Amino acid sequence: MKKIYSFLFAATLGISSVSFAQQDPQFTQFMFCKQAYNPAVVGTNGSICFDALYRQQWVNFPGAPKTGLFGFNMNAGNFGVGLTILNDQIGFQNTLMARVAGAYHIHIGNTGILSIGVDAGIYQTKINGTYVPPQTLNDPSIPNNNNPYGPSTGNLNKMTPDIGGGIYYTIPNKLYVGISTTHLGGQDVASPSTTPSGMIYAGAKLDYNVARHYYLMAGYTFNLRNGEDALQPNVLVKTDAASTQVDINLTYMYKKMIGLGVSYRLQDAIAPMLVYKAPFGLRVAYSYDVTTSKIKGYSAGTHEISIGFCLKPKDAVKKQAHWNTRYFAE
């Protein structure tokens with residue numbers, strides 16, 4: 001157990017001065033939270049939508065990731081607006097992302113929509129230096145540890161602006177394809193090197209490099225049995241230029257209400273998924289990741305559940321007036 005804690009701590013903080021990049025949180029049900037990856041998605045389905053998702057990764061693994069997401073988006077004519085709030089906790093590290101999105105829609109043909117979007121907000125990361133008991137007391141490389149040589153570096157709690165953008169094309173209920181990037185600024189979040197009084201910290205100086213991420217997503221709906229059922233393949237490719245992750249999903253929707261699907265994340269997990277869509281716009285989905293990587297000996301898999309609700313505004317009734325020649329004046 002002590003080795004596992006030490007590994008998690010060293011992998012994130014290291015010793016003395018370290019710079020590192022952290023991948024954005026991953027979701028098995030990525031097809032239900034597309035706006036978290038691409039701001040151009042907002043408003044493209046013409047409805048007012050709310051989404052919530054919770055993921056508990058690697059059950060029974062100490063310090064394993066726990067991720068929560070809330071999303072809102074709506075259509076406003078040729079524009080879409082939205083909000084995404086994401087909280088990700090990995091052991092002693094907690095990351096909060098909150099972004100407001102806006103998109104401009106260009107209608108192509110009778111059904112196609114080309115959307116260009118941007119989002120902006122905050123990226124906040126916190127590191128709790130007391131989460132892992134050090135094996136060696138008074139280690140100056142661990143934040144907030146007792147340090148006989150000077151003041152503690154304290155916990156890392158920093159915030160920075162966050163900007164992203166994307167392009168998205170969709171024929172609603174038929175196909176979608178998009179490309180996007182997050183963390184365009186490639187920010188550097190660092191702890192202070194001196195105390196408020198100007199005294200130099202004797203401990204570690206922590207640097208957190210927010211890596212730019214790139215996403216490619218696509219999906220298609222094949223209508224079956226005269227449109228009663230549907231087969232939906234989805235794919236998401238994510239990279240930060242250092243490592244690449246590919247998620248592939250295939251879902252069969254019976255009467256477009258009850259779905260059974262399976263996802264595969266290359267070299268990581270296979271995930272069966274259940275979906276229920278109610279006629280009034282409610283969607284509930286559950287997936288379970290069966291870990292296939294080397295960590296499977298320490299993990300009892302991953303649980304993920306999502307809830308979504310979309311309300312489609314009713315089209316305004318156009319008032320019409322007609323002249324009746326019977327009442328024309330002579």
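Quick one: in segment 36-55, which of the residues that are aromatic (Phe, Trp, Tyr) and not in a loop (DSSP other than H, G, I, E, B) is nearest to the chain's Cα centre (by Cα)? Per the criteria, the residue is TYR54.
Among the residues of segment 117-134, the ones that are touching a residue at least 40 places away in the same chain (Cβ under 8 Å) and within 19 Å of the chain's Cα centre (by Cα) come to 8 in all.
Does at least one position in segment 20-35 carry a residue that is modelled with pLDDT of 90 or more and in a strand (DSSP E or B)? No, every residue in segment 20-35 fails to be modelled with pLDDT of 90 or more and in a strand (DSSP E or B). Within the set of pairs 6 or more residues apart or between chains, which connect a residue that is at pLDDT below 90 inside segment 88-105 to a residue that is part of a strand (DSSP E or B) and buried (at least 18 other Cβ atoms within 10 Å of the Cβ) with Cβ atoms less than 7 Å apart? Final answer for the pair search is PHE92/ILE127; GLN93/THR125; GLN93/ILE127. Listed by position, the strands (runs of 3 or more DSSP E) inside segment 220-303 whose residues that are modelled with pLDDT of 95 or more, in contact with a strand residue (DSSP E or B) (Cβ under 6 Å, 6 or more places away or on another chain) and under 15 Å from PHE27 (Cα atoms) number at least 2 are 229-239, 244-254, 258-265, 269-277, 282-291.
The set of residues in segment 62-74 that are more than 19 Å from ARG283 (Cα to Cα) and either touching a helix residue (DSSP H, G or I) at 6+ places or on another chain (Cβ under 7 Å) or not charged (D, E, K, R) (or both) comprises PRO62, GLY63, ALA64, PRO65, THR67.
Against the conditions (1) among the small types (Gly, Ala, Ser); (2) at pLDDT below 95; (3) buried (at least 17 other Cβ atoms within 10 Å of the Cβ), ALA76 satisfies every one except (3). Selection within segment 195-219: residues that are within 20 Å of THR160 (Cβ to Cβ) and in a strand (DSSP E or B). The member of this set that is modelled with the lowest pLDDT is LEU206. Restricted to segment 144-164, and to residues there that are surrounded by 19 or more Cβ atoms within 10 Å (Cβ to Cβ) and modelled with pLDDT of 55 or more, the residue that is farthest from THR95 (Cα to Cα) is GLY164.
The values are calculated or read from the model by the stated rules, or taken from the named source; none is laboratory data. Everything quoted here is computed from the prediction, not taken from an experiment. No Cβ is skipped: glycine too gets one built from the backbone with ideal geometry, and neighbour counts run over all protein chains shown.
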